[in-house]
Amino acid sequence: MSTSMATLASMGDTSTTTRSYERVPLLVAFRDDSAVRDTYGGTGEYVTLEAHLLRPPDPSDTVLVFMHPIGGGSYLPMTMALAKAGHHVIYCNSRYRGTDAALVMEKVVQDLGACVADARGRLGYRKVVLAGWSGGGALSMYYQQQAERPTVTSTPAGDPPDLTALGLEPADAVLLLAAHISRHGTLSEWMDASILDERDPTVRDVELDLYDARNPNQPPYTPEFLERYREAQVARNRRITAWVKAQLGKLKAAGREHDELAFVVHGTMADPRWLDPTVDPNDRRPNWCYQGDPQVVNMSPTGLARFTTLRSWLSQWSYDDARGDALTAARDITVPVLVIGNTADDACTPSHTRRLFEAVGHDDKELHEIAGATHYYAGPDQADKLAQAVGVVTDWLARHGFSEQTIRPGERSST
């Protein structure tokens, strides 16, 4: 995969006064000749990815590569703590940095492939470990599956890229850190099952409205109610998918196969877990989620899938059509996998952690849970939890031969 336009510049990391690593801004660029553009600006036929290399003073032939579908993690506590522990880390943003309105998972896989190739080819790292934090977990698994056993020749809408033609380079191992199973699976578990009319979200089934005091079903929820609610969530996802496919069919029939249609999905933070801590129990705060008050987030602009497009819905959010599923991908992956879950996580709950671990189809896998850790490891009370998680990663990497320090990657690269 070409990174011919990639450039390298360096500057000091001013994020901390006691740094033990340098922060090197990176650009990773490659040619993309697809007919449909879904990101603003750029350089025409080129995709340019912004990344940071966190480089400790000691050389290493191994680098941990982070990518999240919508990015923004180069200053996360986890990435910086790993660098301070002596690990070389690349956090690379996808082309959809900061917004998933038009995100296509297959294109994000293409982006991750460009970063992996750049880490080996230009920067000189011999071993690459994918570090899938939160939504980056399912992305990392999808990427590794398609790098080891490529099968996906188009997006669910039938568009490029063809992942089998990209020559994706497999990573040497995968870390799953506070990760969830998939974007479409998570959305389906969070969708407001009470919404009956997508054009008017005030039309609701009161008996399914978690935030309506008139609802006779209140926490702690009965197994019967939870089953009914989960079925209604999936049914709503499928109704939206059916409408999306109908719209794409109309555009194609009209000879406008490259046209798009943007739309709004209301009510996407109504998981019974947030109101009833006995559902998928852990140490999380009741009546809270990683974005705050779930009732507010349910209808706020920051909710999952709030703004989307036809193609993005099929690739990113459709319960039946999206392919970026860590549970499915895990069966095909042959490299070692480490899964770390946090017991106070208010985004990725224990069932996700355990399903990820159980889905890996080989025995070179480990599961660790960090007691009391939250999703972001943010705050003064999380420092010891973060240190424990980094210690688990460090020990696991050492036992798998990823701590050899033989070269200083980047010295041979050109600017």
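The values are calculated or read from the model by the stated rules, or taken from the named source; none is laboratory data. These numbers were taken from a predicted model, which means no experiment stands behind them. Here the Cβ positions follow ideal geometry from the backbone for every residue, glycine too, while neighbour counts run over all protein chains shown.
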Residue check, residue 343 over 19 Å from the mean Cα position of the chain (by Cα), surrounded by fewer than 22 Cβ atoms within 10 Å (Cβ to Cβ), touching a residue at least 24 places away in the same chain (Cβ under 8 Å) and within 20 Å of residue 392 (Cα to Cα) = yes
inquiry  = I'd like to know if segment 160-174 contains one or more residues that are surrounded by fewer than 23 Cβ atoms within 10 Å (Cβ to Cβ), part of a strand (DSSP E or B) and assigned by TED's automatic domain parsing to the domain that holds residue 337.
reply    = no
Cβ-Cβ under 8 Å pairs, at least 6 apart or on other chains, segment 381-396 side surrounded by 17 or more Cβ atoms within 10 Å (Cβ to Cβ), far side of a type in the set (D, E, K, R) = 396/366
query = In segment 1-49, what residues are modelled with pLDDT of 50 or more, buried (at least 17 other Cβ atoms within 10 Å of the Cβ) and of a type in the set (Asp, Glu)?
reply = 32, 38
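Provide a single number: the residues in segment 378-402 that are assigned to a helix (DSSP H, G or I) and under 30 Å from residue 126 (Cα atoms).
Applying the first criterion (assigned to a helix (DSSP H, G or I)) to segment 378-402 yields 380-399.
Now drop any that are not under 30 Å from residue 126 (Cα atoms), which leaves 386-399.
Looking only at that region, the number is 14.
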query = Just one of 375, 352, 368 is closer than 22 Å to residue 292 by Cβ and either assigned to a helix (DSSP H, G or I) or in contact with a strand residue (DSSP E or B) (Cβ under 6 Å, 6 or more places away or on another chain) (or both); which is it?
reply = 352
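Can you give me the number of residues within segment 87-98 that are in contact (Cβ under 8 Å) with a residue 40 or more places away in the chain, over 16 Å from residue 27 (Cβ atoms) and surrounded by fewer than 24 Cβ atoms within 10 Å (Cβ to Cβ)?
Of all residues in segment 87-98, those in contact (Cβ under 8 Å) with a residue 40 or more places away in the chain come to 87-97.
Filter once more, so that each one left must be over 16 Å from residue 27 (Cβ atoms): 87-89, 96.
If we keep only those that are surrounded by fewer than 24 Cβ atoms within 10 Å (Cβ to Cβ) too, we end up with 96.
Selection size over segment 87-98: 1.
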request  = Within segment 27-44, identify whether any single residue is closer than 23 Å to residue 127 by Cα, in a loop (DSSP other than H, G, I, E, B), among the hydroxyl-bearing types (Ser, Thr, Tyr) and assigned by TED's automatic domain parsing to the domain that holds residue 100, and answer yes or no.
outcome  = no
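From the list 372, 303, which residue is surrounded by fewer than 19 Cβ atoms within 10 Å (Cβ to Cβ), touching a helix residue (DSSP H, G or I) at 6+ places or on another chain (Cβ under 9 Å), small (Gly, Ala, Ser) and under 30 Å from residue 223 (Cα atoms)? Before the answer, list the steps.
Working: 303 fails: surrounded by fewer than 19 Cβ atoms within 10 Å (Cβ to Cβ).
Criteria check complete, one pass: 372.
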ask   = How about segment 131-159: which of its residues are surrounded by fewer than 24 Cβ atoms within 10 Å (Cβ to Cβ) and over 29 Å from residue 244 (Cα atoms)?
value = 147, 148, 149
query = Inside segment 238-261, can you point out the residues that are under 17 Å from residue 318 (Cα atoms), without any contact (Cβ under 8 Å) to a residue 60 or more places away in the chain and assigned to a helix (DSSP H, G or I)?
reply = 239, 242, 243, 246, 249
key: Breaking point among (1) within 24 Å of residue 316 (Cβ to Cβ); (2) in contact with a Phe, Trp or Tyr (Cβ under 6 Å, 6 or more places away or on another chain), for residue 217   = (1)
query = Is one or more of the residues making up segment 262-276 without any contact (Cβ under 8 Å) to a residue 12 or more places away in the chain and part of a loop (DSSP other than H, G, I, E, B)?
reply = no
Top-ranked residue of segment 183-210 - restricted to ones that are charged (D, E, K, R) and in a loop (DSSP other than H, G, I, E, B), ranked as surrounded by the fewest Cβ atoms within 10 Å (Cβ to Cβ) = 199
